[in-house]
1. Report the relative contact order of the stretch 1-98, percent, no decimals, based on alpha-carbon pairs under 8 angstrom and at least 6 residues apart.
2. I want to check the label-to-label distance for A90 and E11. Put each point 7 Å from Cα in the C-beta direction and report it in nm to one decimal.
3. Over the chain, what is the relative contact order in whole percent, taking alpha-carbon pairs under 8 Å and six or more residues apart?
4. Give the lysines whose C-alpha is closer than 26 Å to that of K17, dropping any in the same chain fewer than 8 places away, or say none.
5. To make sure I understand the rule: partners must be aspartates and glutamates, Cα under 18 Å from the Cα of K133, and not fewer than 8 residues away in the same chain. Which ones qualify?
6. Hey, any idea what Rg/Rh is for the chain, computing Rh the Kirkwood way over Cα pairs?
7. On the Cα set of the stretch 1-98, report Rg and Dmax in Å, please.
8. Using only alpha carbon pairs under 8 Å that are at least six residues apart, calculate the relative contact order of the stretch 117-164 and give it in whole percent.
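Coordinate-derived values only; no laboratory data. The shown structure was predicted, so the numbers you read here are calculated from the model rather than taken from an experiment. Counting neighbours? That spans all protein chains shown, and the Cβs are built from the backbone with ideal geometry, glycine included.
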Amino acid sequence: AWTKVGYSPAEMLEMVKHPRVVAIKMGTRDMARWLYDYEQLKAAAPNVSIITCHDEYLLPTLLEAGDGALIGFAGFAPELMIKLVDACVAGDLKAAKQAQKTVAPLARLIYNFGEPGCSAHQRMKVALWMMGKFSSPVFRRPIRPLHEDQIERIRRALQDIGYL
């Protein structure tokens, strides 16, 4: 997993044996590996929910497998995420792909083609401030403010997708 905080498949297979484990959140961003791990876990523990943390891969994850999601974008663009999930659940691929057309540029904006981390949270908070969801773009120390060119890039991207 890119997040560097994952469990190995063997560790997850041990975890699902525990009677109090009801769900596993997987963050592997290698989709072939994600599906393989999902299949192995479901075979070992069919009653344990396997959920994703992928904002950017939510559509393929829900279409191929997966029992739900715990994603950062649920707090950032909840209406969009609900639209995407509802379309997947209903089997409406056309509506799901339409929602994904907005998810993809948002994910590029926030994650900047990198690993989720502190800078992604900075970009998300600045975007939320621009969208009127936060009262200030100020971060607590030791996090430093984004440079003005980064803030302007966020503003333009939000305008391009109709969020401003």
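1. Details: 113 pairs, mean separation 20.6, N = 98.
The value is 21 percent.
2. Inter-label distance under the simple model: 4.0 nm.
3. Working: 173 pairs, mean separation 24.2, N = 164.
Across the chain, relative contact order equals 15 percent.
4. K4, K25, K42
5. E79, E152
6. On the way: Rg = 17.3 Å, Rh = 17.1 Å.
When Rh is taken as the Kirkwood radius, the ratio is 1.01.
7. Cα-based Rg and Dmax for the stretch 1-98 come out at 13.6, 40 Å.
8. Values: 27 pairs, mean separation 18.7, N = 48.
Computed value for the stretch 117-164: 39 percent relative contact order.
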